[in-house]
Amino acid sequence: MEEKGKKLGLWNIIGLGLGGAIGTGIFVLLGYGIAYTGRSISLVVAIGCFFMLLAYWYNLAMPAMFVMKGGDYSMKAMLFNPFMSGVSAWMILVNGLAMSSYSVALAQYLAIAIPSLQNHQTLVAFIAMTLFFLSTIKGSRFITILENIITLVLVASLVIFVVFGLPKVDFANTFSSADGGFFHGGFTGFVSALAVMGWACQGTTMAPVSMAAVTKNPKRTIPLGIIIITLLLAVVYGTMGIVAGGVLPYAETAGQNISVTAEAILPRALYIFFVVGGGIGAIASSALGGLGMFRYPLLQVANDGWLPSVFKKTDKNGYPYAIYLLFYVISIFPIVTGRSLDAIVSQVMIPTMLINIYMNLACLTLPKKYPEQWAQRSIKMPLWFYNICCVLGAFCAGVVAFNLFKDLTFNDAVFAVVIVVVMCVLSILRLKQGAVKAEDLAAKKEEIVRQAITDTTADEAEAA
């Protein structure tokens, strides 16, 4: 049911989107990016924001043509065939692997604050993941309030990091390659860093597209908000990259989280605030927000028939304990098997980017299928330029997937392939079994398209 009351304007969308975009990735992955490219990490993250905007091109293109109140779910249902609907459904479960990255990162930061935990990080990560899931049973209002507070602390932490760090950067050498510290790994290393940092830079489109139902003039506000968020995030991340890569020698920051640089530039009290309020706070907030965000999609996967009917079960309060238990098992798997943080991120990003390739190329068909909506698009561009962006978007997503895959160890690469193959096989199997009927998916797709066109027409009438 659509929310009543005052709708969100452009600055509301920018605030929500920027808060959602700045998260765990920048705290835990900058060091991995530095390992590939050295001090040019600042360029990587600044360019990466626009690169990932292209990789998620459909999130900009479709809201400019339609009012998609179902957000990402509606966009994918609108473009997918039955097979790809299944792959996307299984991808929601695969995201459980990424949830483990939060608890692994949390354990790393806790070990900084409490050194005695250094040799017990696997146990700490396991306990943290368990507590995150237990928190989903009750107290969603409390979690929302907590996340708002954490967001303020997070922003303060980043400001402190930049303000104290910039004066300590050696700008005379930061952008020089004389010592091999700038473009450390050459062009190949730069692109690899871009792929790794994709996890941190990909959030510019996600929050805005989910807010269409409660946004004023969403067809204009959401695309414009996404562009502004991307510009602001590029400045924030680029500045952080200058500090993270330009204060300490390469050997001290490569492969480390940014707490190493923070310790070198901040007074002890502010350093503790940065680690606890910034690092741990951002990670906890991202984990809780992610678990809350996946509640409906997980239940939808079960209700649509992609999983056996047992996973539809809920308790008397509507809590989907069966599907959350499965999601929990998937989430703790990387922890108990000792997978590295960068490998976990890669194994989730690779299938995500493969799906994005499909989505971006599928956007090529929209102007011809929906000429009226194309004519009324909020972002005016020639058809040839739009088509180039669709193809470039698929290319960018492919670049991320390829570079993440090539940098995996053999075992991790095999695991990444297995994930993609299993998703495809399960999609075909459930369709052949009749557990999910292609005609039901087609009917749902038609309803989503009809609703999107209806909502778009109503929004245009209201705006006029």
Sorting 11, 306 on solvent-accessible surface, 1.4 Å probe, most exposed first, gives 11, 306
Along the charge dipole of the chain, Cβ charges K/R +1 and D/E -1, which of 54, 27, 234 sits furthest on the positive end? 54
Per-residue SASA entry for residue 342, accessible area with 1.4 Å probe, Å² rounded to 10: 50
Can you pull a Stokes-Einstein diffusion coefficient for the stretch 405-458 at 37 °C (0.692 mPa s), Rh from Kirkwood over Cα pairs, as a whole number of µm²/s? 231
With the convex hull built on the Cα atoms of the stretch 48-98, state its orientation-averaged projected area in nm². 4.4
Calculated from DSSP helices alone, with each H run of at least 4 adding -39500 (n - 2.57) and the total divided by the residues of the chain, [θ]222 nm to the nearest 500 comes to -23500 deg cm²/dmol
Taking the mean number of other Cβ atoms within 10 Å as a proxy for protection, how do you rank 428-438, 361-371 from highest to lowest? 361-371, 428-438
Need one value: the accessible area of residue 152 in square angstrom, 1.4 angstrom probe, rounded to the nearest 10. 130
In whole Å, what is the distance between the alpha-carbon centres of the stretch 374-407 and the stretch 331-346? 30
Projecting each Cα onto the charge dipole of the stretch 172-316 (Lys/Arg +1, Asp/Glu -1 at the beta carbon, about the Cα centre), which of 275, 310, 260 comes out farthest on the positive side? 310
About its Cα centre, what dipole magnitude does the chain give when the only charges are +1 on Lys and Arg Cβ and -1 on Asp and Glu Cβ, stated in debye to the nearest 20? 820
Using only the heavy atoms of the protein chains and a 1.4 Å probe, how would 439, 447 rank by accessible area, largest first? 439, 447
What do you reckon, how do 39, 268 stack up by accessible area (1.4 Å probe), largest on top? 268, 39
Distant alpha-carbon pairs in the stretch 74-137 (separation over 16 angstrom), percent: 59
Karplus-derived 3J(HN,Hα) from phi for the stretch 269-285 (6.51 cos²θ - 1.76 cosθ + 1.60, θ = phi - 60°), whole Hz, x at Gly and Pro, runs 5, 5, 5, 4, 4, 5, 5, 7, x, x, x, 5, x, 5, 5, 4, 5
Ranking request for peptides 414-421, 46-53: highest mean number of other beta-carbon atoms within 10 Å first, then the rest in descending order. 46-53, 414-421
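The values are calculated or read from the model by the stated rules, or taken from the named source; none is laboratory data. Every value quoted in this text rests on a predicted model; they were computed, and no experiment measured them. Glycine gets a Cβ as well: all are built from the backbone with ideal geometry, and neighbour counts include every protein chain shown. Side chains are part of the model used for accessible areas, which takes the heavy atoms of the whole protein and leaves out ligands, DNA and RNA. Shrake-Rupley method; radii C 1.70, N 1.55, O 1.52, S 1.80 Å.
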